[in-house]
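K.L.:
Got a structure here, written out as structure tokens. Questions coming.
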Amino acid sequence: MKKFLFILLIIFICLPLFVKAKYPLHLLIMVGIWSIAASSLNLILGYTGQASLGHAAFFGIGAYASALFMIKVGFSFWLALPLASLVAALCGFLIGLPALRTRGSYFAIATLGFNLIVTIIIEHWEGLTQGGAGISGIPKPEPIDLPFWGKVAFTSMAAQYYLVLFFLTLTLFLIHRIIYSPVGQTYLAIRGGEVLAESLGIHPMWNKLVSFTTSSFFAGLAGSLYASYHGFISPDTSNFHIGFDLLIYLLV
């Protein structure tokens, strides 16, 4: 399995050497961004068994936080990206405190309601988010210096592809490490049955909250990459339809 994954990674690294057209590269970049978002949902839904329908909210929070950090505060992309992801994680923690006390469809409805509230706030808080007009002119990542490679500018499609591929690989690696750690095994136990897990000494509420917060972090990361790549975001970025799209991606 490890050899197969290694070969697959090499193929993805070499793709821009053979795929020169912009549109196929654009599709690959979008696949990478949505894969990060779907993987974040997989952590809380697939492994912890909590049906969140509000992940589009954290995706949108990450996108808007990143854009505002860069445009209004003047932070670089490399600082705005982790900060925006942490903002999304903080929102996940705060909404998870009351929402995760519910179970099943009630939790799904609670997260969906939070998603709708976030979209309404983004659409009507024009002083901060510019409302329905959206935010344009979001900067691309600043060039970085790599040893033995020189300065790398993220102005080309290939460079953007490698940036997204790096964060996708990092996300999948970190989630894999979480799941196959003792913490991840508690998530699987909770998915199997909270009452049984609690009888084994597992604290379901705390572990669900950590999983939900971590999941929100990666959703915010995907949103931040989306905002920088497109250079424009609007209230549709957090629309609840995106949450259902992520669910479909995850099921497929």
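K.L.:
Pop out the carbon and sulfur fraction of the accessible area of the chain as a percent, whole number, probe 1.4 Å.
P.N.:
72
K.L.:
Then there's this: Whole-Hz ³J(HN,Hα) for each residue in the stretch 177-190, computed from phi via Karplus 6.51 cos²θ - 1.76 cosθ + 1.60 with θ = phi - 60°, x for glycine and proline: what do you get?
P.N.:
Using θ = phi - 60°, the values come out as 5, 5, 5, 9, 9, x, 5, x, 5, 5, 4, 5, 5, 5 Hz.
K.L.:
Then there's this: Tell me, how many Å apart are the Cα centres for the stretch 183-238 and for the stretch 81-128?
P.N.:
One Cα centre to the other: 12 Å.
K.L.:
Here is a follow-up. Using only the alpha carbons of the stretch 85-177, what is the convex hull's orientation-averaged projected area in square nanometres?
P.N.:
Its Cα hull, projected and averaged over all orientations, spans 9.5 nm².
K.L.:
Give me the 1.4 Å probe accessible area per residue for the chain, excluding ligands and nucleic acids, in Å².
P.N.:
Normalised by residue count, the accessible surface of the chain is 51 Å².
K.L.:
Keeping all protein chains in position, work out how much accessible area ASP236 exposes to a 1.4 Å probe, and write it in Å² to the nearest 10.
P.N.:
Rounded to the nearest 10, the figure is 100 Å².
K.L.:
Farthest toward the dipole's positive end in the stretch 67-196, which of HIS124, VAL152, PHE93, given Cβ charges of +1 (Lys, Arg) and -1 (Asp, Glu) about the Cα centre?
P.N.:
PHE93
K.L.:
Also, quick follow-up: Angle, helix 204-230 long axis vs. longest principal axis of the chain, Cα atoms, 0 to 90°, nearest 10?
P.N.:
So the helix axis and the longest Cα principal axis differ by about 20 degrees.
K.L.:
How big is the shadow of the Cα convex hull of the chain, averaged over all directions, in nm²?
P.N.:
Orientation-averaged projected area of the Cα hull: 14.6 nm².
K.L.:
Summing +1 for each Lys or Arg and -1 for each Asp or Glu, what net charge is found among the other residues whose Cβ lies under 12 Å from the Cβ of PRO235?
P.N.:
It works out to a net charge of -3.
K.L.:
Using the alpha-carbon atoms, what tilt in degrees (0 to 90, nearest 10) does helix 77-99 show relative to the longest principal axis of the chain?
P.N.:
Long axis of 77-99 versus the principal axis of the chain: about 20 degrees.
K.L.:
Ok, one more. Using packing as a proxy for protection, rank 35-47, 88-100 so that the peptide with the highest average count of other Cβ atoms within 10 Å comes first.
P.N.:
The packing order, highest mean first, is 35-47, 88-100.
K.L.:
In the calculated pair distance distribution of the stretch 78-124, what percentage of Cα-Cα distances lie above 14 Å?
P.N.:
When all Cα pairs of the stretch 78-124 are counted, 60 percent exceed 14 Å.
K.L.:
Another question about this same structure. If you average 1/r over every pair of different alpha-carbon atoms in the stretch 1-61 and take one over that average, what Kirkwood value in Å do you get?
P.N.:
13.8
K.L.:
On to the next question. If a/c stays under 1.5 just call it rounded; otherwise compare a/b with b/c (prolate if a/b is bigger, oblate if not). Do that for the stretch 6-152, with a ≥ b ≥ c from the square roots of the Cα gyration tensor eigenvalues.
P.N.:
Here the stretch 6-152 falls in the oblate category.
K.L.:
In the full protein assembly as shown, how much of LYS20 is accessible to a 1.4 Å probe, in Å² to the nearest 10?
P.N.:
Approximately 150 Å² for this residue.
K.L.:
Next question. Putting +1 on Lys and Arg Cβ atoms and -1 on Asp and Glu Cβ atoms, find which of GLY192, ILE138, ALA110 reaches farthest to the positive end of the dipole of the chain.
P.N.:
The residue sitting farthest along the positive end of the dipole is GLY192.
The values are calculated or read from the model by the stated rules, or taken from the named source; none is laboratory data. Predicted model, so just to flag it, every value in this text is computed and none were measured. Quick reminder, even Gly has a Cβ in these numbers, built from the backbone with ideal geometry, and neighbours come from all protein chains shown. When the accessible area is computed, the model is the full protein with side chains, heavy atoms only, and any ligands, DNA or RNA have been set aside. Shrake-Rupley method; radii C 1.70, N 1.55, O 1.52, S 1.80 Å.
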